[in-house]
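The values are calculated or read from the model by the stated rules, or taken from the named source; none is laboratory data. Note that the coordinates shown come from a computational prediction; the quantities given were computed from them, not determined experimentally. Neighbour counts are summed over all protein chains in view; Cβ atoms, including those assigned to glycine, are modelled from backbone coordinates with ideal geometry. Just the protein is used for accessible areas: all its heavy atoms, side chains included, with ligands, DNA and RNA removed. Shrake-Rupley method; radii C 1.70, N 1.55, O 1.52, S 1.80 Å.
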Amino acid sequence: MLNQEHEALRESVREFAHEVVAPVIGKHYENHTFPYDVIAQMGKMGLFGLPFAEEYGGMGGDYFALCLVLEELARVDSSVAITLEAAVSLGAMPIYRFGTAEQKERWLPKLLSGEALAGFGLTEPGFGSDAGGTATRAVLDGDTWVINGAKAFITNSGTDITSLVTVTAVTGTNADGSKELSTIIVPSGTPGFTVAPGYSKVGWCASDTHELTFDNVRVPAENLLGERGRGFAQFLRILDEGRIAIAALSVGLSQGCVDESIKYAKERQAFGRPIGDFQAIAFKIADMEKRTHIGRLAYYEAARLMLAGEDFKRASAIAKLYASESAVDNARDATQIHGGYGFMNEFPVARFWRDAKILEIGEGTSEVQRMIISRDLGL
Ligand SMILES: Cc1cc2nc3c(=O)[nH]c(=O)nc-3n(C[C@H](O)[C@H](O)[C@H](O)COP(=O)(O)OP(=O)(O)OC[C@H]3O[C@@H](n4cnc5c(N)ncnc54)[C@H](O)[C@@H]3O)c2cc1C
């Protein structure tokens with residue numbers, strides 16, 4: 001599935017991750033600071049524009065290329081990888097897919113160059129998996145939307161370069177009595193739009209996550225993204241794609257665990273020989289490699305179906321479910337192989353362990369993935 005361009009891209013990002021990200025990310029992680037310098041360099045490499053058309057400043061690549069990049073970044077660090085994933089797949093993609101010509105012209109060039117970031121505001125303090133629970137409301141007052149409500153855990157929503165958040169809100173009632181959901185663009189700095197201080201997180205500590213509140217926030221009617229009432233369909237599409245990206249990110253973390261474990265198993269001595277000589281350790285690493293390999297095949301296949309225009313819902317849920325659970329398993333085993341040092345933050349596996357768990361939660365929990373798969377099987 002990898003052509004020469006994909007191979008070259010993968011190689012350049014692998015080098016970047018080792019030479020630019022690895023030396024600085026530990027400090028950012030420890031201090032919970034956003035790595036603006038690294039992100040700016042990723043922007044210059046064109047990573048934020050990868051799967052977008054050149055007319056908006058994109059690189060004209062495909063979604064699979066984005067996934068390869070995410071894998072290579074997460075192999076070294078997940079905070080940087082999730083910043084890119086959320087910026088492209090959740091931030092710019094809704095505008096690219098559903099926006100008007102004016103919205104695309106206004107917002108995309110800076111998002112695709114990495115000079116600006118956008119957040120995707122779906123989750124609320126009171127609900128996550130059950131998107132029908134949306135309580136944020138938007139009421140049309142003449143030619144202005146008036147938004148009230150709150151969003152929780154929104155990635156890339158509060159950096160110095162965040163330019164907007166797309167917000168899902170109830171805009172009415174459908175004929176069958178269900179909530180009419182729509183998506184609205186809220187530019188950063190709009191009066192009444194408040195970004196809370198960053199959360200204190202277990203992992204992804206160098207990424208940006210905030211709770212947002214909307215208190216009589218007024219934005220022009222033309223900030224509606226796509227058609228009114230299409231919010232539900234829009235975020236389902238965005239999340240189906242996003243799951244492939246999260247699967248790729250999970251595979252990267254799993255691969256990082258394998259890399260670090262092989263290195264350590266060859267160096268660390270116990271009972272007069274390298275611990276890799278013990279079958280208990282070598283077999284653990286063999287199982288880690290097996291999980292990584294299968295996860296990779298699963299996301300490659302989901303991406304292939306998506307790019308072929310075929311139904312990829314089940315495949316993306318399987319890839320996300322398998323790869324994220326494997327990442328948690330690999331991080332646990334890699335930490336075990338490192339013994340006490342695995343519990344020390346200066347070792348990359350400690351970061352992997354802290355970063356793995358969220359992969360089973362974000363962009364649809366493992367339970368939600370099982371719901372998608374079983375429903376697709378007719379259950
Ligand atoms: C660091 C971070 C970044 C995030 N970034 C974003 C972002 O950019 N944008 C955004 O919109 N959201 C974001 N999220 C939110 C994330 O997508 C949600 O946390 C996730 O979807 C789960 O929702 P919840 O936390 O409300 O859990 P809940 O939905 O309350 O679920 C709690 C538990 O109940 C289970 N559960 C719920 N319903 C069922 C059911 N029907 N059957 C079986 N089990 C069920 C869940 O699987 C879970 O185990 C982020 C979260 C984090 C932590």
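Return a yes/no flag: does the range 89-111 have any residue that is open to solvent by 10 Å² or more (accessible area, probe 1.4 Å), farther than 24 Å from Asp215 by Cβ and not in a helix (DSSP H, G or I). Checked the range 89-111: at least one residue is open to solvent by 10 Å² or more (accessible area, probe 1.4 Å), farther than 24 Å from Asp215 by Cβ and not in a helix (DSSP H, G or I). Using the structure shown, decide if Ala298 is without any contact (Cβ under 8 Å) to a residue 60 or more places away in the chain, more than 23 Å from Ile25 (Cα to Cα) and either open to solvent by 20 Å² or more (accessible area, probe 1.4 Å) or outside any helix (DSSP H, G or I) (or both). Answer is yes for this residue. Of the residues examined, Ala196 is not one that is hydrophobic (A, V, I, L, M, F, W, C), more than 30 Å from Asn345 (Cα to Cα), open to solvent by 10 Å² or more (accessible area, probe 1.4 Å) and modelled with pLDDT of 95 or more.
If the condition is being in contact (Cβ under 8 Å) with a residue 60 or more places away in the chain and either over 21 Å from the mean Cα position of the chain (by Cα) or part of a loop (DSSP other than H, G, I, E, B) (or both), then the range 2-14 contributes Leu2, Glu5. Might you let me know whether the range 52-64 holds any residue that is within 14 Å of Ala116 (Cα to Cα), charged (D, E, K, R) and assigned to a helix (DSSP H, G or I)? Looking for residues that are within 14 Å of Ala116 (Cα to Cα), charged (D, E, K, R) and assigned to a helix (DSSP H, G or I), one finds none in the range 52-64, hence no.
Is it fair to say Gly158 is without any contact (Cβ under 8 Å) to a residue 60 or more places away in the chain, open to solvent by 10 Å² or more (accessible area, probe 1.4 Å) and not basic (Lys, Arg)?
Values: without any contact (Cβ under 8 Å) to a residue 60 or more places away in the chain: yes; open to solvent by 10 Å² or more (accessible area, probe 1.4 Å): yes; not basic (Lys, Arg): yes.
The answer is yes for Gly158.
So that you can scan it fast, the table gives a plain yes or no per residue for (1) within 16 Å of the ligand (Cβ to nearest atom); (2) touching a Gly at 6+ places or on another chain (Cβ under 9 Å); (3) at pLDDT below 95:
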position	(1), (2), (3)
Leu297	no, no, no
Pro348	no, yes, no
Arg354	yes, yes, no
Arg375	yes, no, no
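In the condition set (1) farther than 25 Å from Asn31 by Cα; (2) among the aliphatic types (A, V, I, L, M); (3) open to solvent by 60 Å² or more (accessible area, probe 1.4 Å), Ile372 is compliant with all but (3). Here is a list: Gly119, Gly128, Gly132. Which entry is over 21 Å from Ile246 (Cβ atoms) and within 16 Å of the ligand (Cβ to nearest atom)? Of the residues listed, the single one that is over 21 Å from Ile246 (Cβ atoms) and within 16 Å of the ligand (Cβ to nearest atom) is Gly132.
Of everything in the range 145-166 that is of a type in the set (S, T, N, Q) and more than 13 Å from the ligand (Cβ to nearest atom), the residue that is nearest to Leu108 (Cα to Cα) is Ser163.
In the range 356-369, what count of residues is obtained for those that are open to solvent by 20 Å² or more (accessible area, probe 1.4 Å) and either closer than 22 Å to Lys284 by Cβ or more than 9 Å from the ligand (Cβ to nearest atom) (or both)? Summing the residues that are open to solvent by 20 Å² or more (accessible area, probe 1.4 Å) and either closer than 22 Å to Lys284 by Cβ or more than 9 Å from the ligand (Cβ to nearest atom) (or both) in the range 356-369 gives 2.
Filtering the range 15-40 to residues that are more than 21 Å from Gln255 (Cβ to Cβ), open to solvent by less than 40 Å² (accessible area, probe 1.4 Å) and not in a loop (DSSP other than H, G, I, E, B) leaves only Ile39.
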